[in-house]
1. Sort out which residues of region B:26-46 are part of a helix (DSSP H, G or I) and more than 10 Å from DNA strand C (Cβ to nearest atom), and write them in order of number.
2. Among the residues that make up region B:29-37, is at least one of them without any contact (Cβ under 8 Å) to a residue 12 or more places away in the chain, within 14 Å of chain A (Cβ to nearest Cβ) and surrounded by fewer than 18 Cβ atoms within 10 Å (Cβ to Cβ)?
3. Here are some residues: B:74, B:23. Which one is within 14 Å of another protein chain (Cβ to nearest Cβ) and either outside any loop (DSSP other than H, G, I, E, B) or farther than 27 Å from residue A:41 by Cα (or both)?
4. Looking only at region A:140-153, count how many residues are more than 10 Å from chain B (Cβ to nearest Cβ) and either under 23 Å from residue A:247 (Cα atoms) or under 15 Å from the mean Cα position of the chain (by Cα) (or both).
5. Within 16 Å of DNA strand C (Cβ to nearest atom), within 26 Å of the chain's Cα centre (by Cα), closer than 30 Å to residue B:245 by Cβ and at pLDDT below 80: is that true of residue B:84 in this structure?
6. Give all pairs with beta carbons closer than 7 Å in which a residue from region B:52-66 that is over 13 Å from residue B:38 (Cβ atoms) meets a residue that is part of a loop (DSSP other than H, G, I, E, B) and more than 8 Å from DNA strand D (Cβ to nearest atom); count only pairs at least 6 apart in sequence or on separate chains.
7. Anything in region B:47-66 that is part of a loop (DSSP other than H, G, I, E, B) and over 9 Å from residue B:31 (Cβ atoms)? List them, or say none.
8. Would you say residue B:40 is facing another protein chain (nearest Cβ under 10 Å) and away from DNA strand D (no atom under 11 Å from the Cβ)?
DNA sequence: AGCGAAATGGAATATTTATTCCACAACGCT
DNA sequence: AGCGTTGTGGAATAAATATTCCATTTCGCT
């Protein structure tokens, strides 16, 4: 196993790490554990640092590197150092320039919104509950018509979902409150509801979710956290922590999540 | 100047770098230049690497470190190594995990959308035309009612803009084509139009832009590139290259740009 | 042009860091 | 329990890396 060529990419590294995990003795498994959880620090640490973190002597860590397929620690570190910052650097400096503009300048504002969007996406990547997502997909895949509700700042997301479902040939209905009509009666047995709302929660959205719930329809909630008032009506809760800048949020994470949900549902329906 | 304590944060470092730049001799200025543009690589490089990049001997780089206020290169590197990984690294590995899920798994899709959103934001940061943005803000700041048009996948952006303008107490009207009514007559002298469309361009949006143009109203275009058909009707063009994943795009960059535009207009109107 | 001060490059040295090696301990097998 | 195999920790060594120093050059000034 350890006579192989060294992993050529970070992905390959992780694959090999996972593969070898089973067969490792105690100390080396400690190494694998710690490295898997802290692979991002390999680029900026020394053997001694990592060994201390994994609570093993440096020599154990060296052996680990060799078993994974590297000639030694340095070769492994090189992989991570090279992989670091493929497109970031130019972006990072550019963003700094943007942000350093005059206090109210448009470019500066844009920089802030870009940054908060990026942070939101990162935070979503870190916090997503895969099980809840799968469950939501499951519920929606087996439903008839999908009803979508979201007002005020959730409305752009709701309308985009509606557009995407149309493109995907999935029957969906956007409850947009046009003409202040209440379309709650459109909820039929076998349908499902996707409800989107953030603090301050919109009463109309909560009402519709409650109605759906009362009729035993599955409700998938896109909301800001598990304790949202929407949660009590929901069969699956997808929390999205969006980072605000000033009074407004970029919605990046919410839209990414909504899109993934839609496309996964389409895939599951085939 | 160089007798100071070392910079305690990356920001402070950059400030000091900018401050000292003026007074540096040739070689040291080369160092400053290169380091400013590649500060993200300090954490993962050696003195020799960076010196080679800046095209100076290692000793020059050492002197540079000391002038900035560090005891030497190692101390400077430590600052960047500690700062490294505030959010990105964990994010990176997490994303890798997401993407490595089964081909059609929801989590994997989400990973892809998150990544394309992030790329879009980065690309926007790199490519934004600050002059065009300022001009757009200017036009909108001096207009009466702001008309907003965007159909299909541009509609979420348009509707969000409409929401934000309402919050900001700026008179705005969303042309959403409800009831297939044409509200072109609502365009009054002194108003301005924000038109949003991407390939394949929506005819309704182009029509309204042409109408506004014919009546000599300023038109701000959010579109995919300078050669878009919308461009010929526009007084200011804001191109946004959004990265698609599959048939869908996350709209992150477009929304960030729209938000910045809106908030900057509000600031300029005061 | 000539002088002193400042800057520079490269070679010598000090320090840190990686790597190897081996004596010893733990484990599994008969 | 005895024996070979495998795993382990630490000390010795090798390599890489940072840092200093100083002879030489460049620069600014009169």
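The values are calculated or read from the model by the stated rules, or taken from the named source; none is laboratory data. Predicted, not measured: the structure shown is a model, and the values here were computed from it. Positions of Cβ are backbone-derived with ideal geometry, glycine not excepted, and every protein chain shown enters the neighbour counts.
1. Scanning region B:26-46 gives B:32, B:33, B:34, B:35, B:36, B:37, B:39, B:40, B:41, B:42, B:43, B:44.
2. Yes, the conditions are met somewhere in region B:29-37.
3. After ruling out the rest, the residue left standing is B:74.
4. Looking only at that region, the number is 2.
5. Criteria met by residue B:84.
6. Between residues of region B:52-66 that are over 13 Å from residue B:38 (Cβ atoms) and residues that are part of a loop (DSSP other than H, G, I, E, B) and more than 8 Å from DNA strand D (Cβ to nearest atom), the close pairs are B:66/B:2.
7. Within region B:47-66, B:55, B:57 qualify.
8. yes
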